Every structure is written in structure tokens, then in C-alpha cells.
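See below for the structure under consideration.
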Amino acid sequence: MQRVLIVEDNIRVQQVLKHIAAHYLDVRVDFAQSLTQCKKLLNQTSYSLALVDLSVGGQIDTDITRFTLSQGTPTLVMTTQTDEHTRLKMLELGIIDYVIKDNRDSYLYAIKFVAQLLRNQGRKALVVDNSLLSSSLVKQMLEKQLFDVITVDNSAQALHILEHDQAINLVITDHNLSGMNGFELIRAIRNIKSREQLAIIGLADVYSYGIAARFIKSGANDFLTKPFTHEEFHFRVVQTMESIWLSDAKKPALSFDATE
């Protein structure tokens, strides 16, 4: 059973988060206001995810975040600090990502981020990239978003896996693949899976003119230009998966199976 821990010491902000969470999260949500309360709850309960204010007590304090991570709880951080030192400090901790806490909309974004992460849990993502370094990086970042991740280095393997594993919800593919390239792979996938059924994000080299547009025209939902930042990667994946979820919730997915 999924469960979320939110650590926030400002009562007004806590009330706002409770209100938004009640609307967007169909799971049990517990609140803590201090490291002591956080430790007590984590000693009693296993959480799918933690949303932690980095400024509990009015100043930057990573102790709570370090503790939630030490307990194996994936952690999303809220912060009012946007300087580069704080940014790097947060990312080095191993958090999923951070949300700038500066208005009511940021609280809505944080809760919707949590909702999408919870939907990702138990889902599978397929990474297709012949660069071991790039593939490992993408795999690590997707695992932070709670995906189960499979990696392959060519299109033939990717198509074989997609044919036999219907649980895959996301494909991230580079354009430069042996045999069938990334654009051809996407077109092949789109013969059997629509944009509403399976999300595809292309990886385009920054120096390769026109590749991003070719990804979209080939059937990708979105693309990322390498090298990409931590924040950009998580935003694009969350946004893409949320759009798939919203589309699925509104209407039946279109099937391209000619036998139906």
C-alpha cells in the first residue's frame, strides 16, 4: 500500500498541502513538523515517498532529507533557496528533484509531482542507447522516479522486449543506434502503440541540427537535448507521463491492431 510522508513546519503551508493532497492523492498522507516527528513516523511506517521542506526551522537544514534517504525513502524536496550552492548540495544528497517554494502554485506542482511519481511505481521504462555512460545515467534518473528500468543498446532488442512485455509505459531512445536508427524505431513502435498508450522521449545531440523536430514528426511525445540538466530531465519525464495519464483517464486509447 502506497503512503506519503510530508515534512513541513509552517502550519499554514501544511494546511495548503493537506487541502491539495486530499484532491490529488488517493493514498494515506502523514505530516511531520520536525526531525523528531519524522524519525518517529519512519520507525513505525514504510513510505513510498517523502516530500520534505529543506528549510524546517527557518534555515537550510539537510538533516531530515538525509534521514529519509538513509531509510530508503525516495525524497522530493521543497526549498525557497535557488542559489547554485544549495542546488548542488540538494542534488548531491540523492533526492529525486526539488520544487521552488515561492507561491501557492508551487505547492500544487509539488503534490502533482508526487502523484505522478506514485503512478510511476511499478511501471516499466525501456532505455535504448548504445552509450553505456548515457544509458546508465538515464537509468539512474528514471529509478529515482520509481520506474523499473530495462536498458538495451539496439533497436532489435527494444522491439523484441516491447513485443513481449506489455507493462512498459515509457521508452527513452537515442537517435544514433546500430541497425535501425532511433527515428525508424519510433515509427516501428507507433505501428503498434499510439502516443496515448506508450510515451516515447527522444535523446538528441545538441550539435545535430533538426534531430529534435524529426523525433516529434516520427512519433515521439517529447525530446531532450544532450547534455541535459537533472531538472530538465525530471520535468520532461513527469510532464510526458502526466499527459499520458490524463489522456488515458479521459478516453479509451486508440489501438492500431488491425485484427480488432
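The values are calculated or read from the model by the stated rules, or taken from the named source; none is laboratory data. The structure presented is a predicted model; accordingly, all values stated were derived computationally and were not measured. Here the Cβ positions follow ideal geometry from the backbone for every residue, glycine too, while neighbour counts run over all protein chains shown. Please note that ligands, DNA and RNA were not included when accessible areas were found on the heavy atoms of the full protein model with its side chains. Shrake-Rupley method; radii C 1.70, N 1.55, O 1.52, S 1.80 Å.
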Check your understanding: With the dipole of segment 105-214 worked out from charges on the C-beta (+1 for Lys and Arg, -1 for Asp and Glu) around the Cα centre, which of Leu126, Val149, Tyr109 lies farthest toward the positive end?
Key -> Tyr109
Review point. Just the Cα atoms of segment 115-174: what Rg and Dmax do they give in Å?
Key: 11.1, 34
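How big is the shadow of the Cα convex hull of the chain, averaged over all directions, in nm²?
15.0 nm²
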Check your understanding: Where both partners of a DSSP beta bridge lie in the chain, what percent of those bridges are antiparallel, to the nearest 5?
Key -> 5 percent
Review point. Given +1 on the Cβ of Lys and Arg, -1 on the Cβ of Asp and Glu, and no further charges, what dipole in debye does segment 86-156 carry about its Cα centre, rounded to the nearest 20?
Key: 280 debye
Exercise for review: Quick one: check the C-alpha center-to-center distance for segment 174-200 versus segment 205-235, whole angstrom.
Suggested key: 14 Å
Check your understanding: About the Cα centre of the chain, what is the dipole size in debye to 20, counting +1 per Lys and Arg Cβ and -1 per Asp and Glu Cβ, all else neutral?
Key -> 480 debye
Exercise for review: Please name which of Ala32, Asn181, Thr86 has its Cα lying farthest along the dipole of the chain towards the positive end, using unit charges on Cβ (Lys, Arg +1; Asp, Glu -1) and the Cα centre as origin.
Suggested key: Ala32
Review point. Do the sum for the chain: with -39,500 (n - 2.57) for every DSSP H run of n ≥ 4, divided by all residues, what is the mean residue ellipticity at 222 nm, to the nearest 500 deg cm²/dmol?
Key: -14500 deg cm²/dmol
Point to revise | Å² per residue, accessible surface of the chain at 1.4 Å | key: 50 Å²
Review point. Per 10 Å bin from zero, what fraction in whole % of the C-alpha pairs of segment 1-94 is there, up to the bin with the longest pair?
Key: 16, 52, 30, 3
Point to revise | Portion, in percent, of the accessible area of the chain that falls on carbon or sulfur, probe 1.4 Å | key: 49 percent
Check your understanding: Just how much of Met141 is accessible, in Å², when a 1.4 Å probe is used and the result is rounded to the nearest 10?
Key -> 10 Å²
Point to revise | Euclidean distance of C-alpha centroids, segment 1-80 and segment 114-145, integer Å | key: 23 Å
